[in-house]
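Just so you know, all these numbers are worked out from the coordinates, no wet-lab data involved. Keep in mind that this is a model prediction, so the values were computed, not measured. For neighbour counting, all protein chains shown are included, and Cβ atoms are generated from backbone atoms with ideal geometry for every residue, glycine included.
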Amino acid sequence: MKFKDWEPHYTKILDYFGFEREGDEKAAVLSSELTDRDDINLLKKLCEGSTVTVCGNAPCLDPDIKKIKGKVLAADAASERLYKAGILPDAIFTDLDGCDESFIEMNDKGTIIVVHAHGDNIFLLKNWIPRFKGPLVITTQSEPFSNVHNYGGFTDGDRAAFTADEFGAEEIIFAGFDLDDRSVNPMKRGKLMIARDLLSEIGYEI
Ligand SMILES: Nc1ncnc2c1ncn2[C@@H]1O[C@H](COP(=O)(O)OP(=O)(O)OP(=O)(O)O)[C@@H](O)[C@H]1O
Ligand SMILES: Nc1nc2c(c(=O)[nH]1)N=C(CO)CN2
């Protein structure tokens with residue numbers, strides 16, 4: 001999705017959660033200064049014309065592993081579960097709140113890390129971005145510029161699907177998605193509800 005089409009969704013999300021756009025913008029500028037890398041073309045090539053499976057971190061990821069086909073785009077902490085099950089994700093979409101040493105290890109093995117900068121993860125951006133030595137892409141939910149990209153989407157999982165869609169994936173499969181999950185806290189429940197609405201905007205009723 002292009003930024004002009006994304007912006008109205010973004011404005012509603014800011015209002016709903018009380019996030020500040022200035023914080024997101026500050027995080028984006030800081031992130032762009034923390035790295036010289038921009039492997040967006042690698043990410044594009046990965047998705048273009050491919051079957052991709054977007055893996056979310058719901059409890060059902062384990063039984064859903066058998067659904068995985070094609071390229072694997074993992075949302076945050078789902079990537080560690082996949083890695084432990086012997087699957088190296090092709091890309092990890094993360095706002096870094098589920099990040100640990102295994103992300104560095106996967107990145108060293110070629111996994112593209114797609115780091116989402118926002119107003120509430122500045123300390124994580126400062127800590128982790130300089131440590132990734134492999135393929136790296138920076139995203140923002142605010143206006144994109146130079147090496148900071150925005151293809152729409154909000155949570156790590158739906159952002160992965162928006163990116164695959166924008167880059168012309170042939171088919172998008174979802175594994176480990178349970179957007180009705182009642183075991184999560186109220187904030188997360190709100191985020192999953194927004195993920196559902198956004199995914200339906202690009203044709204996926206999850
Ligand atoms: N039931 C679920 N619980 C958690 N995540 C889910 C669920 N269903 C789908 N997902 C997707 O998996 C992604 C990764 O989940 P994780 O638990 O690592 O959350 P997170 O890092 O807190 O995500 P976010 O920061 O995007 O909220 C979520 O962003 C969401 O898109
Ligand atoms: N400012 C801000 N932006 C976000 C946040 C968040 O907690 N704060 N969480 C997201 C996905 O979980 C995506 N974007």
* **Meets criteria (in a helix (DSSP H, G or I), acidic (D, E) and away from ligand 1 (no atom under 16 Å from the Cβ)) for E22** => yes
* Asked: Looking at G152, G168, which one is touching a His at 6+ places or on another chain (Cβ under 8 Å) and at positive phi?
  -> G152
* Structure fact -> Residue hits (the stretch 78-116; within 16 Å of ligand 2 (Cβ to nearest atom) and surrounded by fewer than 21 Cβ atoms within 10 Å (Cβ to Cβ)) are D97, G98
* To do: Would you point out the residue of the stretch 37-77, among those that are closer than 30 Å to K126 by Cβ, over 16 Å from the mean Cα position of the chain (by Cα) and free of Cβ contacts under 8 Å to residues at least 24 places away in the same chain, that is surrounded by the fewest Cβ atoms within 10 Å (Cβ to Cβ)?
  => N41
